1. What is the distance in Å between the Cα centroid of the range 192-270 and that of the range 1-47?
2. Treating only the Cβ of Lys, Arg, Asp and Glu as charged (+1, +1, -1, -1), what charge dipole size does the chain show about its Cα centre? Round to the nearest 20 debye.
3. Which order do the peptides 49-62, 223-236 come out in when sorted by mean C-beta neighbours inside 10 angstrom, highest first?
4. When the expected Rg is taken as 2.2 N^0.38 Å, what fraction or multiple of it is the alpha-carbon Rg of the range 84-214?
5. Once all Cα-Cα distances of the range 26-119 are split into 5 Å bins that start at 0, what whole-number percent is in each one?
6. Over the range 120-270, what relative contact order in percent results from Cα pairs under 8 Å that are six or more residues apart?
7. The list (1) 17.6; (2) 13.1; (3) 16.0 gives values of mean projected area of the Cα convex hull in nm², and only one came from this structure; which label was calculated from it?
8. Roughly what % of DSSP beta bridges within the chain run antiparallel, to the nearest 5?
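What follows draws every value from the coordinates through simple rules; no lab data is involved. Nothing here was measured: the structure is a model prediction, and the numbers come from that model. Neighbour counts are summed over all protein chains in view; Cβ atoms, including those assigned to glycine, are modelled from backbone coordinates with ideal geometry.
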Amino acid sequence: MARELIVRIDGPLDPYYNMAFDEAMLYYTIKEKVAILRFYMWSQKTVTLGRRQPYPSVPPWKSIQVAVTRRITGGSSLLHVPRKELTYSIAIPSTHSFYKKHNIVSSAHELAKSIARALTGLGFNAHAPGITSQDTSRPYICLLGSGSADIYVEGKKVSGAAQYRERRGLLQHGVILLDYDHYEWTSVYKVDSKDEDALMNKITGLRSIEDVDLSSLIEEIIVQLSGLLDLEVSYSNDLVKLVHESMKLSNNYRDPRWVIQGEKFWALTI
């Protein structure tokens, strides 16, 4: 069973490398029987698609200046804006009791509740209600849907997440919006009036409510997640094997076949 939670903190990085690192992180977790928590940002505007999300015949993103790739996790597409969000990823091996105790829905919810507690500790009125609707429709933009890992502050969504789970372990990525500008999103996505209204009124960034220190936010999340998993924290940015594997995998995330075919192509690369 995992005995430690290895924490890695990265700055803004290439989108393809970011996604490759998270995949490599899962493999490392499985092999070494450790859990890893990573925080990072994005070096350019990026749309990520969910692994099984169909590639549209007419892409809804407008700008050719936006990078497009896929996550290995599920869910719908998401826009990542440099320095306006904190992204986290966590990988947990199947040998850990948390994996054994929870399925994909309940594990995502428990992780989200821990992050909501971290936000509460910083003075935000945050909660992670879980799935509260029987509506199973999935909007093309992830934040417009409802999921078990959603987090709300003052009634508006500030965070969502997606998870990949297999018999050897799980990987969850999530975003926490720091600054949010719905005009920025609608300058990238083609949306109808209903979705535009939702982007304007149902989503917000933490800093529109109260200023937040990024270091304090990261530290609070580490405290809550290490407590949830009952693991000792080990800080390490020196995961040489993992970094090397991520550099190799990053070419897969640049491959148009991965972006267009999704899971079908990914299955050929693992």
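1. Their Cα centres are 8 Å away from one another.
2. Once rounded to the nearest 20, the dipole reads 1020 debye.
3. 223-236, 49-62
4. Scaled against compact globular proteins, the figure is 1.08.
5. Answer for the range 26-119: a P(r) of 3, 10, 16, 21, 19, 15, 10, 5, 1 percent.
6. 16
7. Of the listed options (1) 17.6; (2) 13.1; (3) 16.0, (2) comes from this structure.
8. Roughly 65 percent of the beta bridges in the chain run antiparallel, per DSSP.
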